[in-house]
Amino acid sequence: MTWIPPYDVAKCRARLQQDVDGLGPKDAFTHLGLQFWVPTREGGVEKAPRYKTSDATIAEIRDWAHQNHIRLMLCVYNYVDKWDWPLAQAAFAEHREEFAQALVAEMERLGLDGIDIDLEGNGDFRTSKEPYLAFIRDLSTRVHALHKQVTVDSFADTWNAPNRTWWPELFPLVDAVNSMGYEYIGVHATEWRAYAAQKAAAGDNAAKLLIGMPGAKDQWQGNTAAEHMEWILNDGQVGISIWDASFSAPYWHTPEAWKGLARMRAGH
């Protein structure tokens, strides 16, 4: 999976359509998230006010994604000048049903293939766990009834919200969890930061785990991007999510990067 953020639509669209030796993102990804929506305090959903990406642009991206057998996901996030957990909580906890209904209605209106929940809280929000899970349970029931998918974005650590201590209850409800470690986790990183530790935390649900990698870095946690990718490919079970679709690091301009991801998508 990868994402188009609302502030970099043109650049990401151009990169998604580029090939290197005949292979590129069109051959590599199964899911593409459009991080264009924010919740309202009343349980609604709206385009991020600062950007308001047009329906026409979304339709063009949708058509390209579908031509290349990529699921296009409505990504709702809660960054409005900062990561605003009270805003997110007003929607999913205080107006759970209305929020779930609004997300599904917007997904259906635009002909999208699922919903990615990127609601992030920077702090100790353990009391939010049960309301969050209740919302995901409600949303997943509605989306799965339409034969579409739900993915969620989670902190890789044991702090903040949602985080990997929520995974045992979260994994059974969704189609994938994106572990947002990026440059803070790695193949040979220490303790919980190691890819193997992330997989172990997912347990029997490891096939639903997408390990996050930074698209803007060639090296992190003591290894190159190619070395981190080699671990993912050799593991053969976990997936990968790359933030974001601008793929600015030089590694993502090499044929090796896309060959590996294309093999993963093909199941080889």
Where residues in the stretch 27-60 are among the basic types (Lys, Arg) and open to solvent by 50 Å² or more (accessible area, probe 1.4 Å), which of them is farthest from Asp175 (Cα to Cα)? Arg50
Output for the stretch 207-227, where each listed residue is of a type outside the set (Lys, Arg) and within 28 Å of Leu173 (Cβ to Cβ): Ala207, Leu209, Leu210, Ile211, Gly212, Met213, Pro214, Gly215
Checked the stretch 129-145 for anything buried (at least 16 other Cβ atoms within 10 Å of the Cβ) and under 20 Å from Val45 (Cα atoms); matches are Tyr132, Leu133, Phe135, Ile136, Arg137, Asp138, Leu139, Ser140, Arg142, Val143
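Looking at the structure I just gave you, is Glu183 closer than 19 Å to Ile232 by Cα, part of a helix (DSSP H, G or I) and of a type in the set (Asp, Glu)? Step through it out loud before you land on a result.
Working: closer than 19 Å to Ile232 by Cα: yes; part of a helix (DSSP H, G or I): yes; of a type in the set (Asp, Glu): yes.
Spelling it out, Glu183 is indeed closer than 19 Å to Ile232 by Cα, part of a helix (DSSP H, G or I) and of a type in the set (Asp, Glu).
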Return a yes/no flag: does the stretch 80-89 have any residue that is outside any helix (DSSP H, G or I), at positive phi and open to solvent by 30 Å² or more (accessible area, probe 1.4 Å). yes
Tell me yes or no: at least one residue of the stretch 248-264 is open to solvent by less than 50 Å² (accessible area, probe 1.4 Å) and acidic (Asp, Glu). no
Hey, any hits in the stretch 146-163 for a residue that's surrounded by fewer than 21 Cβ atoms within 10 Å (Cβ to Cβ), assigned to a helix (DSSP H, G or I) and in contact with a strand residue (DSSP E or B) (Cβ under 8 Å, 6 or more places away or on another chain)? no
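Does Glu97 satisfy being outside any loop (DSSP other than H, G, I, E, B), open to solvent by 60 Å² or more (accessible area, probe 1.4 Å) and not polar (S, T, N, Q)?
Details: outside any loop (DSSP other than H, G, I, E, B): yes; open to solvent by 60 Å² or more (accessible area, probe 1.4 Å): yes; not polar (S, T, N, Q): yes.
The answer is yes for Glu97.
From Lys217, Lys199, grab the single residue that is at pLDDT 95 or above and within 20 Å of Gly236 (Cα to Cα).
Values: Lys217 fails: within 20 Å of Gly236 (Cα to Cα).
Of Lys217, Lys199, the one residue that is at pLDDT 95 or above and within 20 Å of Gly236 (Cα to Cα) is Lys199.
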Output the number of residues of the stretch 108-128 satisfying the condition of being open to solvent by less than 40 Å² (accessible area, probe 1.4 Å), of a type outside the set (Ser, Thr, Tyr) and either out of contact with any Leu (no Cβ under 9 Å at 6 or more places or on another chain) or part of a loop (DSSP other than H, G, I, E, B) (or both). 9
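Has the stretch 249-259 got at least one residue that is more than 28 Å from Tyr7 (Cβ to Cβ) and either of a type in the set (Val, Ile, Thr) or free of Cβ contacts under 8 Å to residues at least 40 places away in the same chain (or both)? Working first, answer last.
Within the stretch 249-259, the subset more than 28 Å from Tyr7 (Cβ to Cβ) is 255-256, 259.
Checking which are either of a type in the set (Val, Ile, Thr) or free of Cβ contacts under 8 Å to residues at least 40 places away in the same chain (or both) leaves us with 256.
Checking the stretch 249-259: at least one residue is more than 28 Å from Tyr7 (Cβ to Cβ) and either of a type in the set (Val, Ile, Thr) or free of Cβ contacts under 8 Å to residues at least 40 places away in the same chain (or both).
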Name the single residue, out of those in the stretch 198-242 being open to solvent by 20 Å² or more (accessible area, probe 1.4 Å) and part of a strand (DSSP E or B), that is nearest to Thr158 (Cα to Cα). Leu210
Would you say Val187 is at pLDDT 95 or above, in contact with a strand residue (DSSP E or B) (Cβ under 6 Å, 6 or more places away or on another chain) and closer than 25 Å to Met73 by Cα? no
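The values are calculated or read from the model by the stated rules, or taken from the named source; none is laboratory data. Given the structure is predicted, the values throughout are model-derived calculations rather than measurements. When we count neighbours, we look across all protein chains shown, and the Cβ atoms used for this are built from the backbone with ideal geometry, even at glycine. Side chains included, ligands, DNA and RNA excluded: accessible areas come from the protein's heavy atoms. Shrake-Rupley method; radii C 1.70, N 1.55, O 1.52, S 1.80 Å.
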